[in-house]
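> Below are the structure tokens for one structure; questions will follow.
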Amino acid sequence: MTGTWRISTQKLTLDKSENLDNSYITTLGGEIKKEKWKFNVEGKAGNSNEINLGAGYQLNEKSEIYTSVKGDYSKDEVSTETTVGTETKVNKNLKISGEYREDNTGNEEKKDNILKFDYLLSDNWNISFDYTRSKIDLEKENNLERNIIGLGAGYRSDKLRFNNSIEYRKDKGK
């Protein structure tokens, strides 16, 4: 069994003038791996209070299933996001993933089904395509169905990272 623990980020505002966001957030997290299993936990405290718990299982050398639960306690209403997904590396350049995500905040519930394709064009360039179908149940019986098609491109080197994406959304409902 191997494990790592880290302080992921520390955000602190030094100048407390009225024009700046007086924010502070400490993030602490860790990961434990045992054979084909992976478990992680991450917590944020400060202006944002969140906890994220996750687990994954390596089905084979190319495929993994995973789940996570994220609780946000920063607002008056607690929100919870639950994700279940799978990821498969088809070959050295193509990765396909699928997720089901459920987000509950107060009287609003959102359910997403996401399918994503990531393709590595070269050592530095990648492109992505994703499709999301959402059902959003708002308070007072207002329901919304949303379809999203997204395209993205990115560049990554030791000194530079660049990502750009565009999406088309179509909403149907009350």
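Please treat every number below as a calculation from the coordinates, not as lab data. As the structure is a computational prediction, the values presented were derived from the model and not from experiment. When we count neighbours, we look across all protein chains shown, and the Cβ atoms used for this are built from the backbone with ideal geometry, even at glycine.
> How large is the convex hull of the Cα atoms of the chain per residue, expressed in Å³ as a whole number? Can you show the working numbers first?
Details: hull volume 30.0 nm³, N = 174.
Once divided by residue count, the hull of the chain is 172 Å³.
> I've got another one for you. Quick check: net charge around GLY106, other residues with Cβ under 10 Å of its Cβ, Lys/Arg +1 and Asp/Glu -1?
On the way: positive: LYS75; negative: ASP76, GLU77, GLU108, GLU109, GLU139.
Here the charged neighbours net out to -4.
> Over region 45-174, what is the relative contact order in percent, taking alpha-carbon pairs closer than 8 angstrom and at least six residues apart?
On the way: 307 pairs, mean separation 17.6, N = 130.
The value is 14 percent.
> Run the simple label-point estimate for ILE127 and PHE162 please: 7 Å along Cα→C-beta, distance reported in nm.
The modelled label-to-label distance comes out at 1.6 nm.
> Next question, about the same structure. Going 7 Å from the Cα of LYS172 along its beta-carbon direction, which residues of region 108-123 have the amide nitrogen within less than 11 Å of the resulting point?
none
> Considering just Cα atoms, how many Å³ per residue does the convex hull of region 26-89 enclose? Mind dumping the intermediate values first?
Working: hull volume 4.8 nm³, N = 64.
Spelled out: Cα convex hull of region 26-89, divided by residues, is 75 Å³.
> Can you tell me the relative contact order of region 25-69? Whole percent, Cα pairs under 8 Å, sequence separation 6 or more.
Values: 81 pairs, mean separation 13.2, N = 45.
This gives 29 percent for region 25-69.
> How big is Rg to Rh over region 70-159, alpha-carbon atoms, Rh as the Kirkwood inverse-mean-distance radius?
On the way: Rg = 16.7 Å, Rh = 15.2 Å.
Rounded to two decimals, Rg/Rh equals 1.09.
> Work out from phi, with θ = phi - 60° and the Karplus expression 6.51 cos²θ - 1.76 cosθ + 1.60, the ³J(HN,Hα) of each residue of region 162-173, listed in order in whole Hz, and give x for Gly and Pro.
9, 9, 9, 8, 9, 9, 10, 10, 9, 9, 9, x
> Okay, next question. Could you pull the Rg and Dmax for region 59-114, using just the Cα atoms, both in Å?
14.7, 46
> If you don't mind, there's one more thing I want to ask. Quick one: which residues, 5+ away or cross-chain, put their amide H under 5 Å from the amide H of VAL78? H built at 1.01 Å from N.
GLY106
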